[in-house]
Amino acid sequence: MLNINEVIETNKMIHEMNLDVRTITMGISLLDCVSDSLDEVCENIYNKITTKAKNLVKVGKEIEQEFGIPIVNKRISITPIALIGGACCKGPEDFVRIAKELDRCAKEVGVNFIGGYSALVNKGMTKADKYLIESIPEALSVTDRVCSSINVGSTKTGINMDAVKMLGEIILETSRKTADKDSIGNAKLVVFTNAPDDNPFMAGAFHGVTEADTIINVGVSGPGVVKTALEKVRRENFEVLCETIKKTAFKITRAFKVTRVGQLVAKEASKRLGVPFGIIDLSLAPTPAVGDSVGEILEEIGLEYAGAPGTTAALALLNDQVKKGGVMASSYVGGLSGAFIPVSEDQRMIDAVEAGALTLEKLEAMTCVCSVGLDMIAIPGDTKATTISGIIADEMALGMVNQKTTAVRIIPVIGKGVGDTVQFGGLLGYAPIMPVNQFDCSAFVNRGGRIPAPIHSFKN
């Protein structure tokens, strides 16, 4: 039953509190594109993506106009390319050709990003996995819309330290290859543990092999809505605080049903495109815009800055209540659903770094309880590859032990050091260069092999 008050409330959320559908992401399986001929694989990929997604942007814009809800991004996720190129790619250069084909597809159908230039190497690497990883610096430097992710660990299998070591070197090389653009290549590269198959958010999206041939996932975001709600319960106790966050998350998700926003956007897109609906990802994903900040929510909870004592507890509370509210409102909540803490994309997180309140080590602690991990963090360009690998290993261990998704999207900016600022533009924002612990971990990283899974992995 349509309630006019709920319509008005949702309209206010959209226009005054930065509520939006952050993305409609079409997942496309490329398993039927496999061939031992590279030419044929590229042709098959082009034909499938441009056929399946030809109306994605058009339908997204139509829904925006009809229902008055901003849909910020239209995206595509695909089967991890290491699986698709295994038979036809004889070296990294062949994978780069596929990356260029993906970029061509993305531009032709008009999507903002295409994710899935990926490999799943949490237990070991095939030749194809190795070639794809080696190709990443070149692939991300010659494409504009291709996003890459590598899953290097899981709770069930442990952490592939050979891959972690390799990726420290790859990240540095990607920075060097895109040095003329403030090393932006690494803004399109994520290293994961426990990566979900149905994540609609870039740069970590890929289409899982257990998914349908084609699917529609929707990512929803509204930090400003939560922040505004909390302004009304200042100085109230934690019970009231938690209930307010939970109810607000419920409203954000539920409003989508009532006022033809979120879930209805997903179902409407599904119907018009003839593609099954997958999941709603209810995440507090900030942007550089004022009033669209997870950092502001933490401050509203009672912290002077993100990074102050109590920050990890406040973030844990926030993440849990968002998940509880989302699950109450929709049966198909998936992806990452929770609070994101990308430094460059959140103005108050940037302010916290500049004030000295937020360090890399504190961010690492916060990632124990948020949705993803160390995200959009700029570090000095002269950071050693083994140091980057050590940072990745720490983050992967948190995910492995805590049975959660963790990720690292870290950007060594060539030619810049602590005290400098790097401009990425658009949704990626800007970031102060953060200091990195200078003590050496190379002997640890260079051991090679695999860190075993924790004992609780034997539950099954």
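Side notes on the structure shown:
- Expressed to the nearest 5 percent, the antiparallel share of DSSP beta bridges inside the chain is 35 percent.
- Taking the DSSP beta bridges with both ends in region 15-137, the antiparallel portion is around 0 percent.
- Computed about the Cα centre, the dipole magnitude for the chain is approximately 920 debye when only Lys and Arg (+1) and Asp and Glu (-1) carry charge, each at its Cβ.
- Cα-based convex hull, the chain, per residue volume (Å³, whole number): 135
- Kyte-Doolittle at least 0.0, axis length at least 20 Å by Cα - qualifying DSSP helices, the chain: 127-142, 161-177, 238-258, 311-329, 385-402
- Amide hydrogen proximity for Ile411: with H placed 1.01 Å from N in the peptide plane, the residues at 5 or more positions away or on another chain lying under 5 Å are Ile377, Ala378, Ile379.
- Relative protection proxy for 39-46, 228-235, 443-450, 363-370, from highest mean packing down: 363-370, 39-46, 228-235, 443-450 (other beta-carbon atoms within 10 angstrom).
- Helix content alone sets the calculated 222 nm mean residue ellipticity of the chain: runs of n ≥ 4 DSSP H residues at -39500 (n - 2.57) each, divided across all residues, give -14000 deg cm²/dmol.
- The distance separating the Cα centre of region 72-86 from that of region 391-411 comes to 22 Å.
- Sorted by Cβ neighbour density within 10 Å, fewest at the top, the residues Ser371, Ser442: Ser442, Ser371
- Computed over neighbours whose Cβ is under 9 Å from that of Gly295, the net charge equals -3, Lys and Arg +1, Asp and Glu -1.
- Two-site label geometry, Arg235 and Glu43: point separation in nm, points 7 Å out along Cα→Cβ: 7.3
- Counted over region 23-193 with a bin width of 10 Å, the fraction of Cα pairs per bin, in whole percents, is 11, 37, 34, 15, 3, 0.
- Look at the dipole of the chain built from charges on Cβ: of Asn47, Gly399, Gly115, the Cα furthest out on the positive end belongs to Asn47.
- Radius 9 Å from Cβ of Met26, net charge of other residues (Lys, Arg +1; Asp, Glu -1): +3
Read-outs throughout are calculated quantities, based only on the coordinates presented, and are distinct from any laboratory measurement. Everything quoted here is computed from the prediction, not taken from an experiment. Note that each Cβ is placed from the backbone with ideal geometry, even for glycine, and that neighbours are counted across all protein chains shown.
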